[in-house]
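The values are calculated or read from the model by the stated rules, or taken from the named source; none is laboratory data. In this text the structure is predicted, and so the values were computed from the model without any measurement. Positions of Cβ are backbone-derived with ideal geometry, glycine not excepted, and every protein chain shown enters the neighbour counts. Only protein heavy atoms, including side chains, enter the accessible area calculation; ligands, DNA and RNA are left aside. Shrake-Rupley method; radii C 1.70, N 1.55, O 1.52, S 1.80 Å.
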Amino acid sequence: MTGRIEAVIFDWAGTTVDYGCFAPVEAFRQAFREVGIDPTAEELRGPMGLSKRQHVQKMFEMPRIAACFEKAQGRPWQNEDADGVYRRSEALILRLLPDFAQPLPHVREAVQALRAQGVKIGSTTGYNDEMMRVVVPAAEAAGYRPDCWFSSDSTGGIGRPYPYMVFRALEKLGVSSVRAAVKVGDTAADIREGRNAGLVTVGLIEGSSLMGLSQAEYEALPEDVRQKEISRVRRAYADCGADHVLLNLSSLPALLDELGYTAR
């Protein structure tokens, strides 16, 4: 497949900022603990990439989470309970975000290289607009800002894996075809969003929610363990249909060039 790529649509936490995607994880952990549930890392990260309200709903629908709530509260959970946990997690995320907006390694350099090739930079996110009004200026102060971003607040509350946020970004950027854009993310929901929009999809390994490690934890892994973790994340991306998987964003400009996508 050849042609000119016009835009790359990035995710936020775990892709361009917040190595390991820890701001939402910590907020969900604290919010669920307040109703008597201690979620596992797998439960916390499983729905990552969805809108934050959808994320909470998916967690409550997990059999173990539902059973823990009923044991702690003496009744089955209801939508009002999910609403309450979401509201608490939202307040926690807003408080945490300024400290989790640092760009991941290679983000600034990759974006600079893409823009030099004539590629526009868009973004979709599981954060809502209020959260983005915190994280966008914080990330910009640290050297990263996309040309546009969209949350599910702009699409009637319908987030990933539906493609509507991507379509809004493509429209805003004036992209001529879905085949002229690439979606880059760090979760299964990101990949499904990109595939549903008809874009080429790219999953990132280092710093991803699927990896689920801080930079210090990742760099401290023995080499054999690190390679096993890299292989595990590659398989997860393969299972959700990613077209390409990169160790980090330093390889993205070269990938697009090798595929014949970039501007000439």
With N set to the residue count of the chain, report its C-alpha Rg divided by 2.2 N^0.38 Å to two decimal places. 0.99
If every Lys and Arg gets +1 and every Asp and Glu gets -1 at its Cβ, then about the Cα centre the chain yields a dipole, in debye to the nearest 20, of 500
Rounded to 10°, Cα long-axis angle of helix 22-33 versus longest principal axis of the chain: 10
Using a 1.4 Å probe on the protein heavy atoms only, what accessible surface does residue 108 show? Give it in Å² to the nearest 10. 100
Most fluctuating of 105, 146, 63 in the GNM of the chain (C-alpha, under 10 Å) is 63
Quick check: residue separation of residue 99 and residue 71 times 0.36 nm, minus the Cα distance between them. What number comes out in nm? 6.6 nm
Applying the Karplus parametrisation 6.51 cos²θ - 1.76 cosθ + 1.60 with θ = phi - 60° to the phi angles of the range 42-49, what ³J(HN,Hα) value in whole Hz is obtained for each residue in order, glycine and proline being reported as x? 5, 5, 5, 8, x, x, 4, x
Once all protein chains are kept in place, residue 239 shows an accessible area at probe 1.4 Å, nearest 10 Å², of 130
Considering Cα pairs under 8 angstrom that are at least six residues apart, work out the relative contact order of the chain and quote it in whole percent. 29
Tell me the trypsin sites (Lys or Arg not before Pro) within the range 1-59 that lie in a loop according to DSSP and have at most 12 other beta-carbon atoms within 10 Å. none
Return the FRET efficiency for the residue pair residue 81, residue 223: r is the Cβ-Cβ distance, R0 is 30 Å, and the value is rounded to the nearest 0.05. 0.10
Quick check: the angle from helix 107-116's long axis to the longest principal axis of the chain, C-alpha only, nearest 10 degrees? 30
From highest to lowest solvent-accessible area (probe 1.4 Å; ligands, DNA and RNA excluded), 40, 15 read 40, 15
Of the residues 130, 223, 206, which exhibits the maximal mean-square fluctuation in a Gaussian network model of the chain defined by a 10 Å Cα contact cut-off? 223
Compare 55, 244 by solvent-accessible area with a 1.4 Å probe and give them largest first, with all protein chains kept in place. 244, 55
Work out, step by step, the length gained on full extension between residue 215 and residue 58: first 0.36 nm times the residue separation, then minus their alpha carbon distance; give nm to one decimal. 53.8 nm
Neighbour cut-off at most 14 other Cβ (10 Å), DSSP loop, GluC sites (Glu not before Pro), the range 1-99: 34, 61
Cut-off 10 angstrom, C-alpha nodes, Gaussian network model of the chain. Which of 84, 126, 159 fluctuates the most? 84
222 nm [θ] for the chain, helices only, -39500 (n - 2.57) per DSSP H run of 4+, per residue, to 500? -14500 deg cm²/dmol
Please report the antiparallel percentage of DSSP beta bridges with both residues in the chain, rounded to the nearest 5. 5
With a ≥ b ≥ c taken as the square roots of the eigenvalues of the C-alpha gyration tensor of the range 125-186, please select rounded if a/c is under 1.5 and otherwise prolate if a/b is larger than b/c or oblate if it is not? oblate
Vicinal HN-Hα couplings computed from phi for the range 129-146 (Karplus, 6.51 cos²θ - 1.76 cosθ + 1.60; Hz; Gly/Pro x): 4, 4, 5, 5, 5, 8, 6, 4, x, 5, 5, 4, 4, 8, x, 10, 8, x
How much of residue 195 can a 1.4 Å solvent probe reach, expressed as accessible area in Å² and rounded to 10? 130
Could you please put 71, 172, 183 in sequence from largest to smallest accessible area, using a 1.4 Å probe? 71, 172, 183
Considering the options 32, 69, 259, tell which one lies farthest towards the positive end of the dipole of the chain, charges being +1 on Lys and Arg and -1 on Asp and Glu at the Cβ, about the Cα centre. 259
Using alpha-carbon coordinates, inclination of helix 223-239 to the longest axis of the chain, degrees: 90
From the P(r) of the range 85-132, can you give the percent of Cα pairs sitting at distances over 13 Å? 69
